[in-house]
Amino acid sequence: MGYIKKLVGMSVAAVVILSIVSGIITVSVTAMPRVPVAVVYSGHGFALNGDEFHVLRIQVIKVREPKPREIMGYIGANMSLKELKAAIAKERTRYRGRLRVGDELYRLDNITTGDMTVSADLMNVSGLTRERAGHINITVMQYEGTRIGEGTLSMYKGAYMGEYQVLLAVLPPHPIKGRI
């Protein structure tokens, strides 16, 4: 009888441990962060409208967003770290970004990039609703030995409504090291 109680106790303990472990795996997979690959555009400068100007910062990064089902497949395949890195490197990349004009922060959406251009919608990140607040177009070029960005910013909502000329100092694209 004591043997059966121990066996049942061990079985219950195993189920609890497996539940905890699978819960951890589920939480970590569903909360899987985006894997940054490279900073595509990073610049700071000004949005100008006549005598009015505001400080402007923009950053666009390339990310890989593995789907939870694919991650579970990788875990189930018992891959080595090298194989896992190679599999994630094959994932489709997307662009994510943010822009700060003055004191307002916006998320960039519908980002399109070209050889030396970036275009994106500005989405308001304050509040519960997602609304389009503006649009930005930037062309990056070499000017007097420095990379600059020149373009337009149209603000439809918020404290900085209006049409602006954009002038930025732009860093060259660079990979993000130390990540998978």
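The values are calculated or read from the model by the stated rules, or taken from the named source; none is laboratory data. Just so it is clear, the model here is predicted, and its values are computed rather than measured. Reconstructed Cβ throughout: ideal geometry from the backbone, glycine too, with neighbour counts over all protein chains shown.
Of the residues contained in region 82-96, none is found to be loosely packed, with under 13 Cβ neighbours inside 10 Å and closer than 28 Å to TYR160 by Cα. Against the criterion of being over 20 Å from the mean Cα position of the chain (by Cα) and touching a residue at least 40 places away in the same chain (Cβ under 8 Å), LEU84 qualifies. In region 86-175, counting only strands (runs of 3 or more DSSP E) that sit wholly within it, the ones holding 3 or more residues that are among the hydroxyl-bearing types (Ser, Thr, Tyr) and either at pLDDT below 95 or within 18 Å of ALA47 (Cα to Cα) (or both) span 104-113, 146-155.
Considering (1) modelled with pLDDT under 75; (2) more than 30 Å from GLU150 (Cβ to Cβ); (3) among the aliphatic types (A, V, I, L, M), the lone condition that VAL37 does not fulfil carries the number (2).
Of all positions in region 66-79, at least one carries a residue that is farther than 30 Å from MET141 by Cβ, at pLDDT 60 or above and of a type in the set (Phe, Trp, Tyr). The set of residues in region 65-85 being part of a loop (DSSP other than H, G, I, E, B) and hydroxyl-bearing (Ser, Thr, Tyr) consists of SER80 alone.
If the condition is being hydrophobic (A, V, I, L, M, F, W, C) and under 18 Å from the mean Cα position of the chain (by Cα), then region 87-102 contributes ILE88, ALA89, LEU99.
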